Amino acid sequence: RQHAELTLRPAQQAGLLLCCGHVTNADTARTFATIADILAIQDANPFRIRAYERAAQLIAGLPRELTDLIAKEGEEALDALPGIGEDLAAKIIELLETGKLAYYDNLRRRVPKGLLDVLDVEGMGPKRTKFVWEAFHVRSLRDLDRLCRSGKLAKVRGWGEQSVRNILQAMDMLRKFGERTPLGKALPLAESLMHTLERSMFCDRIAIAGS
C-alpha cells in the first residue's frame with residue numbers, strides 16, 4: 001500500500017449522509033471509495049475502478065471543502081482538479097446538492113449489505129471476497145468467521161491453513177479496534193505529531209507511512 005493511503009470504511013457509513021447535514025469531503029471520498037470496492041468485486045473495468053480510487057484519495061486530501069470551493073469559484077472549479085472529469089464532477093454535484101447518489105445506491109443493491117465489511121478484512125481483497133461470496137455464500141463477517149473455523153476454506157487451493165489463520169486474526173483485530181480513521185482526519189493529526197517530533201530533536205528522520 002502507498003504511504004498515507006485512504007482507508008474509508010466501515011462501508012455502512014459510506015454515502016449515507018446526509019439528508020440532515022452538510023456533505024463533507026470525507027463523506028464524498030467515502031462514497032467514491034466504496035463505489036471502487038463494489039466495482040472491484042464485480043470485476044469491472046480496472047481503469048474505472050482506479051478513477052474512483054484516485055478521486056477518493058484526491059478529495060480526502062483537499063485543503064478546502066468542496067462546498068466552499070464551488071460556492072466561491074463555481075462548479076467549473078471541479079474541472080481544475082486532477083482526475084475529476086465530467087462524469088465524476090456531476091456525481092460530486094449530485095452528492096453535495098442532494099446528499100445522495102443514485103449510481104451509488106444502485107451499486108449497493110447488487111451486493112449483500114455486509115460484503116464490504118468482509119472486503120475490509122486484511123488478507124481478503126476483491127477477488128477473495130467475491131470467491132467466498134459465490135462459493136460459500138459468505139455475506140457478512142459472521143459468515144466469514146464461521147467459514148474459516150469450519151476448516152473448509154483451508155482446504156481450498158490457494159488458501160491454506162496459514163492464510164485462514166491470518167484472516168481470523170485480522171477479524172479479531174477489526175473487532176478490537178473498530179473502524180479505521182479517514183485520511184482527512186488522520187493526516188492533520190499525523191502531520192502535527194511529525195512536526196512536534198521534528199522540533200524535539202529526538203529523531204534524525206521522520207515520515208508518515210502506512211495505511
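The values are calculated or read from the model by the stated rules, or taken from the named source; none is laboratory data. Just so it is clear, the model here is predicted, and its values are computed rather than measured. Ideal geometry is used to build each Cβ from the backbone, glycine not excepted, and the neighbour counts take in all protein chains shown. Heads up: the accessible areas ignore ligands, DNA and RNA and are worked out on the full protein's heavy atoms, side chains in. Shrake-Rupley method; radii C 1.70, N 1.55, O 1.52, S 1.80 Å.
Taking label points 7 Å from Cα along the Cα-to-Cβ direction, residue 106 and residue 140 give a separation of 2.9 nm. Put a dot 7 Å past the Cα of residue 168, heading toward its Cβ, do the same for residue 205, and the two dots end up 4.0 nm apart. The residues of the chain expose on average 60 square angstrom of accessible surface per residue, using a 1.4 Å probe on protein heavy atoms.
Relative to the dominant Cα principal axis of the chain, helix 183-200 is inclined by about 80°. According to the square roots a ≥ b ≥ c of the eigenvalues of the Cα gyration tensor, what is the shape class of segment 24-82, taking rounded for a/c under 1.5, prolate for a/b larger than b/c otherwise, and oblate for the remainder? In terms of gyration-tensor shape, prolate.
Against the main long axis of the alpha-carbon atoms of the chain, helix 126-136 sits at an angle near 40°. With loop membership from DSSP and a limit of 13 other Cβ atoms within 10 Å, the longest segment of the chain without trypsin sites (Lys or Arg not before Pro) is 2-63. Using a/c under 1.5 as the rounded threshold, could you call the chain rounded, prolate or oblate? The axes a ≥ b ≥ c are square roots of the C-alpha gyration tensor eigenvalues, and prolate needs a/b larger than b/c, oblate otherwise. Because a/c hits 1.5 or more and a/b fails to exceed b/c, the chain counts as oblate. Counting only residues at least eight positions apart within a chain, or on another chain, the lysines with an alpha carbon under 23 Å from that of residue 127 are 113, 152, 155. Look at the alpha carbon pairs under 8 Å that are at least 6 residues apart: their mean separation over the length of the chain gives a relative contact order of 29 percent. Relative to the longest principal axis of the Cα atoms of the chain, the long axis of helix 160-177 lies at roughly 50 degrees.
If you roll a 1.4 Å probe over segment 54-211 with all protein chains in place, what percent of the accessible area is carbon or sulfur? Of the solvent-accessible surface of segment 54-211, carbon and sulfur hold 51 percent.
Taking GluC sites (Glu not before Pro) across segment 76-155, the ones in a DSSP loop with at most 14 further Cβ atoms lying within 10 angstrom of their Cβ are 122. Candidate cross-link partners of residue 100 among the aspartates and glutamates, defined by an alpha-carbon separation under 20 Å and a same-chain spacing of 8 or more, comprise 27, 37, 53, 65, 68, 75, 86, 87.
Extension gain, residue 198-residue 185: 0.36 nm per intervening residue step, less the Cα-Cα distance, totals 2.6 nm.
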